[in-house]
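Reading through the structure tokens given below for one structure.
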Amino acid sequence: MLRTETEAAGPLTRELLARYRRDGYVLLAPDFLAEDVPAAVTSAIPSAVADDSPRRILERDGTTVRSVYGLHQTHPTIAGLARLPQLLGAVRQILGDDVYVHQSKINFKEPFSGDQWEWHQDYVYWLQNDGVQAPDLVNAAIFVDEVTEFNGPLTFVPGSHRHGLLAGQDLDGMPLGYEDAPAWVATLTANEKFRVEPAVIEDLARREGLVSPKGPAGSLLLFDPNILHSSAPNISPFRRAMLMFVYNSVSNSPRPVATPRPPFLADPDVRPLQPLSTRPPQ
Ligand code: SIN
Ligand code: MN
């Protein structure tokens, strides 16, 4: 598919597409998806959090569920949501290609105990761990709860994606509290494995500013894999759950790597997704 063909064809206006390319993110109100996505996700949560498997990552406190990965592989409802026509259409428009889900997760950020995500760029993980050769991916975060300034919103340096991969350091070893976990767990905890230099973060933030997109449950936040982002701990009494799909272009399917991460972190099924023609099963 040619980029110009898909740019014209999708649900995003020319203005929204231009904003995405300029700022590295765009926030869409719940009427964009036109589905009760929070209710659909809520139906999958009890079995997702009860799944005592490596897909489930706990916070440093050892009890609170931080994330559950690969739900598009285990829950038909979530698999259906990844194929919502508006969502898939917007992502195909941005990437100018057919797409598949490279990774999915729910990040829970529980009240009082949901922990931070330090400053990072996502693409470095997909390049170095999974062999994804170009940043031709889109992050789609669907708010399952309302996101406010109090419950640990994602925070971006707008426009930082245009600087490519930033200078940083690769942290050796396992973070405190996860010493006995498999090596790949180091890529998922509150202590980022690939650290961007603080001076680089400061310089970019001074020039471009900081933004925390906020909105009601059902909002859709699309963002670039190279945007510099973080999120603070949730010390509020309100949960901040987000369902996140990482879409990759089919023409950007990963190259083999020496030590692949488990399939629930890097999906080997790279067949293009087709839009759902009916509502996802409830
Ligand atoms: C992410 O860094 O991709 C997720 C962070 C968050 O859920 O706040
Ligand atoms: Mn991230």
Sole residue being of a type in the set (D, E, K, R), modelled with pLDDT of 95 or more and closer than 24 Å to Thr64 by Cα, chosen from Arg162, Arg239, Arg206: Arg239
Tally, over the range 158-175, of residues that are open to solvent by 20 Å² or more (accessible area, probe 1.4 Å) and within 17 Å of Leu188 (Cβ to Cβ): 5
Residues within the range 74-116 that are within 16 Å of ligand 1 (Cβ to nearest atom) and under 21 Å from Trp184 (Cβ atoms), tallied: 10
Residue selected from the range 227-241 under the condition within 16 Å of ligand 2 (Cβ to nearest atom) and in a loop (DSSP other than H, G, I, E, B), by the criterion surrounded by the most Cβ atoms within 10 Å (Cβ to Cβ): Leu228
Residue that is most open to solvent (accessible area, probe 1.4 Å), among those in the range 176-208 that are over 19 Å from Pro233 (Cβ atoms) and aromatic (Phe, Trp, Tyr): Trp184
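If a residue counts only when it is more than 19 Å from the chain's Cα centre (by Cα) and within 25 Å of Val211 (Cα to Cα), which helices (runs of 4 or more DSSP H) contained entirely in the range 1-80 have at least 3 such residues? Steps first, answer last, please.
Numbers: elements: 3-9, 14-23, 37-50, 71-74.
Filter on the range 1-80 gives 14-23.
Mind listing just one residue for me: the one in the range 1-42 that is hydroxyl-bearing (Ser, Thr, Tyr) and modelled with pLDDT of 95 or more and, of those, surrounded by the most Cβ atoms within 10 Å (Cβ to Cβ)?
Quick first cut of the range 1-42, residues hydroxyl-bearing (Ser, Thr, Tyr) only: 4, 6, 13, 20, 25, 42.
Cutting the leftovers down to modelled with pLDDT of 95 or more gives us 13, 20, 25, 42.
Numbers: Thr13: 9, Tyr20: 20, Tyr25: 22, Thr42: 15.
This residue is Tyr25.
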Number of the condition not met by Thr155 [criteria: (1) in contact with a strand residue (DSSP E or B) (Cβ under 7 Å, 6 or more places away or on another chain); (2) over 27 Å from Arg19 (Cβ atoms); (3) open to solvent by 20 Å² or more (accessible area, probe 1.4 Å); (4) not aromatic (Phe, Trp, Tyr)]: (2)
Scan of the range 213-260 for residues that are under 20 Å from Gly131 (Cβ atoms) and more than 12 Å from the chain's Cα centre (by Cα), ordered by number: Ser249, Val250, Ser251, Asn252, Ser253, Pro254, Arg255, Pro256, Val257, Ala258, Thr259, Pro260
Residue that is farthest from ligand 1 (Cβ to nearest atom) [pool: residues in the range 117-147 that are open to solvent by 20 Å² or more (accessible area, probe 1.4 Å) and out of contact with any strand residue (DSSP E or B) (no Cβ under 9 Å at 6 or more places or on another chain)]: Gln133
Every residue from the range 88-142 that is under 20 Å from Pro213 (Cα atoms) and of a type in the set (Val, Ile, Thr): Val91, Ile94, Ile106, Val138, Ile142
Complete set of residues in the range 43-61 that are open to solvent by less than 30 Å² (accessible area, probe 1.4 Å) and in contact with a helix residue (DSSP H, G or I) (Cβ under 8 Å, 6 or more places away or on another chain): Ala44, Ala48, Ile57
Odd one out for Thr187 among (1) under 23 Å from Gln103 (Cα atoms); (2) within 15 Å of ligand 1 (Cβ to nearest atom); (3) touching an Asp or Glu at 6+ places or on another chain (Cβ under 9 Å): (3)
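The values are calculated or read from the model by the stated rules, or taken from the named source; none is laboratory data. Note that the structure is predicted; figures quoted are calculated from it, not measured. Don't worry about glycine lacking a Cβ; one is built from the backbone with ideal geometry, like all the others, and counts go over all protein chains shown. Only protein heavy atoms, including side chains, enter the accessible area calculation; ligands, DNA and RNA are left aside. Shrake-Rupley method; radii C 1.70, N 1.55, O 1.52, S 1.80 Å.
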